[in-house]
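**Student:** I'd like to ask some things about the structure below.
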Amino acid sequence: MSETPLNAYSSALYGGRLTVDLDAIAANWSLLRSSLAPGSECAATIKANAYGTGQAETAKRLFKEGCRTFFVAVPTEAIALRQTLPAATIYALDGLFPNTADLLLQHNVRPVLGSLDELKEWAALCRTAGKSFPAAVHVDTGIHRLGLSADEFGTALADPELMGPFKPSLLMSHLACGSDPDHPMNKEQLARFIALTSPFKGVPRSLANSAGVLMGPDYHFDLVRPGISLYGGRAFDHGDNPMRPVAKVEARIMIVRSVPKGDAIGYGATQTAKRPLRNAVVAAGYADGLLRRASSSDDRPGGFGMIGGHKAPILGRISMDMITLDVTDIPEHLVQRGGLVEMLGPNVAAADMAAYAETIDYEYLTSLGRRFERIYGPLG
């Protein structure tokens with residue numbers, strides 16, 4: 001008997017389902033472009049597989065919506081994206097890795113040059129070819145990761161011997177504390193960026209990530225490059241989130257069982273039943289991106305799922321492949337073997353789950369659904 005391909009089987013074979021709403025991503029981008037940063041070009045940051053939503057699918061939908069400039073992290077992401085979007089402008093945020101300049105040129109990828117060595121290598125390439133190949137230059141205004149120091153930046157860009165025929169296509173920096181809009185470092189970085197880049201007339205500038213977009217036009221300059229906001233995430237640590245949710249994770253119920261009062265639940269016996277419980281075990285765990293740190297114990301509450309509009313708190317530790325949920329107070333007809341529990345989505349915000357796991361929604365979104373059935377469509 002010949003084997004049946006996996007994709008020919010029913011979706012019931014999967015432990016869960018990840019639904020991605022590409023129209024919601026496009027709507028978030030349009031809101032950022034038209035209402036929140038109308039005077040600037042709105043790019044899209046789609047690194048880490050477009051924050052878990054799928055690089056190729058997300059890029060194509062955003063290009064259709066009108067986005068023309070994209071940022072990824074590493075060269076391999078950029079080269080893969082070039083196959084998807086032949087006409088887009090693509091920047092690699094992690095810069096110019098040694099001995100990769102020719103490959104970047106071959107695929108029309110622009111590195112974000114973040115050190116003197118990278119700048120010298122790219123400028124030498126341009127000098128040898130007698131042609132200016134576009135690239136961004138990153139100046140560090142206070143985060144102390146990538147980027148030329150203030151002294152390096154000013155000296156390098158004013159040195160015709162070093163720069164040769166190379167003229168940057170973009171001058172950029174990155175905010176360290178954008179998630180807290182009241183943090184004084186935001187204004188300090190803004191002032192440094194203006195002072196450092198103003199002498200270079202005619203070169204486009206970019207400072208704003210998602211948080212920078214929401215902080216207002218002073219931070220927008222010529223191009224904004226939102227990331228987490230495109231995917232419905234929270235750019236600020238506090239306050240309302242104007243973005244639409246774009247993903248929903250549902251986990252399949254494997255078994256519903258009773259737990260007597262006083263019995264322990266899950267690995268490590270970290271949580272005991274304070275009353276007779278009815279619990280549902282679902283086929284998803286930290287291997288699917290549902291972080292172990294959102295576990296529950298007798299000492300602290302954990303995250304939760306949603307079933308038919310009812311909250312189902314996590315019981316005990318999240319394990320690699322399973323999560324146990326308290327469904328005692330949920331009508332029995334809503335909790336059936338084979339049914340689905342929303343673990344993240346319109347009713348369970350990534351930021352809320354991240355708070356239980358003592359992390360940020362970025363980590364949740366970029367980790368989700370490696371073993372789930374993936375569907376592109378409305379969240380329902």
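The values are calculated or read from the model by the stated rules, or taken from the named source; none is laboratory data. Note that the structure is predicted; figures quoted are calculated from it, not measured. We place every Cβ from the backbone using ideal geometry, glycine too, and count neighbours over all the protein chains shown. Note: areas computed on protein heavy atoms with side chains; ligands, DNA, RNA excluded. Shrake-Rupley method; radii C 1.70, N 1.55, O 1.52, S 1.80 Å.
**Student:** When region 144-164 is examined, which residues are found to be open to solvent by 20 Å² or more (accessible area, probe 1.4 Å), in contact (Cβ under 8 Å) with a residue 40 or more places away in the chain and either aromatic (Phe, Trp, Tyr) or more than 17 Å from Ser198 (Cβ to Cβ) (or both)?
**Tutor:** Listed by number, the residues that qualify are Leu146, Leu162, Gly164.
**Student:** Something else now. Specify the residue that is nearest to Lys248 (Cα to Cα); the eligible residues are those in region 292-318 that are outside any strand (DSSP E or B) and either among the β-branched types (Val, Ile, Thr) or open to solvent by less than 20 Å² (accessible area, probe 1.4 Å) (or both).
**Tutor:** First pass over region 292-318, keeping only residues outside any strand (DSSP E or B): 292-303, 308-309, 316-318.
Among the residues that remain, those that are also either among the β-branched types (Val, Ile, Thr) or open to solvent by less than 20 Å² (accessible area, probe 1.4 Å) (or both) are: 294-296, 302-303, 316, 318.
On the way: Ala294: 17, Ser295: 20, Ser296: 22, Gly302: 19, Gly303: 15, Gly316: 23, Ile318: 19 Å.
Among them, the one singled out is Gly303.
**Student:** Looking at region 266-286, which of its residues are surrounded by fewer than 15 Cβ atoms within 10 Å (Cβ to Cβ) and touching a Lys or Arg at 6+ places or on another chain (Cβ under 8 Å)? Spell out how you get there, then give the answer.
**Tutor:** Step one: of region 266-286, the residues surrounded by fewer than 15 Cβ atoms within 10 Å (Cβ to Cβ) are 267-269, 274-276.
Within region 266-286, Tyr267, Gly268, Lys274, Arg275, Pro276 meet the criteria.
**Student:** What tally of residues in region 178-193 results from selecting those that are more than 27 Å from Glu121 (Cβ to Cβ) and open to solvent by 30 Å² or more (accessible area, probe 1.4 Å)?
**Tutor:** 10
**Student:** For Ala191, which of the numbered conditions (1) among the small types (Gly, Ala, Ser); (2) under 19 Å from Thr69 (Cα atoms); (3) outside any loop (DSSP other than H, G, I, E, B) fails to hold?
**Tutor:** (2)
**Student:** Determine which member of the set Gly232, Gly164, Gly227, Gly154 is farther than 30 Å from Thr53 by Cβ and touching a Lys or Arg at 6+ places or on another chain (Cβ under 8 Å). Break it down stepwise before answering.
**Tutor:** Details: Gly232 fails: farther than 30 Å from Thr53 by Cβ; Gly227 fails: farther than 30 Å from Thr53 by Cβ; Gly154 fails: touching a Lys or Arg at 6+ places or on another chain (Cβ under 8 Å).
Selected residue: Gly164, the only one of Gly232, Gly164, Gly227, Gly154 that is farther than 30 Å from Thr53 by Cβ and touching a Lys or Arg at 6+ places or on another chain (Cβ under 8 Å).
**Student:** Continuing with this model, one more query. What's the total number of residues in region 27-45 that are crowded, with 20+ Cβ neighbours inside 10 Å and in contact (Cβ under 8 Å) with a residue 60 or more places away in the chain? Don't jump to the end; show me each part of the working.
**Tutor:** Restricting attention to region 27-45, the residues satisfying the condition of being crowded, with 20+ Cβ neighbours inside 10 Å are 28-29, 32-33, 36-37, 40, 42-45.
Narrowing further to those that are in contact (Cβ under 8 Å) with a residue 60 or more places away in the chain: 28-29, 32, 36-37, 40, 42-45.
Residues that pass the stated criteria total 10.
A quick yes/no check of all residues on (1) under 30 Å from His183 (Cα atoms); (2) modelled with pLDDT of 95 or more; (3) open to solvent by less than 40 Å² (accessible area, probe 1.4 Å):
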position: Phe97; (1), (2), (3): no, yes, no
position: Asn108; (1), (2), (3): no, yes, no
position: Lys120; (1), (2), (3): no, no, no
position: Ala123; (1), (2), (3): no, no, yes
position: Cys126; (1), (2), (3): no, no, yes
position: Pro134; (1), (2), (3): no, yes, no
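**Student:** Follow-up. Please give the number of the condition Asn347 fails out of (1) in contact (Cβ under 8 Å) with a residue 24 or more places away in the chain; (2) out of contact with any helix residue (DSSP H, G or I) (no Cβ under 9 Å at 6 or more places or on another chain); (3) farther than 25 Å from Ile25 by Cα.
**Tutor:** With (1) in contact (Cβ under 8 Å) with a residue 24 or more places away in the chain; (2) out of contact with any helix residue (DSSP H, G or I) (no Cβ under 9 Å at 6 or more places or on another chain); (3) farther than 25 Å from Ile25 by Cα applied to Asn347, the lone miss is (3).
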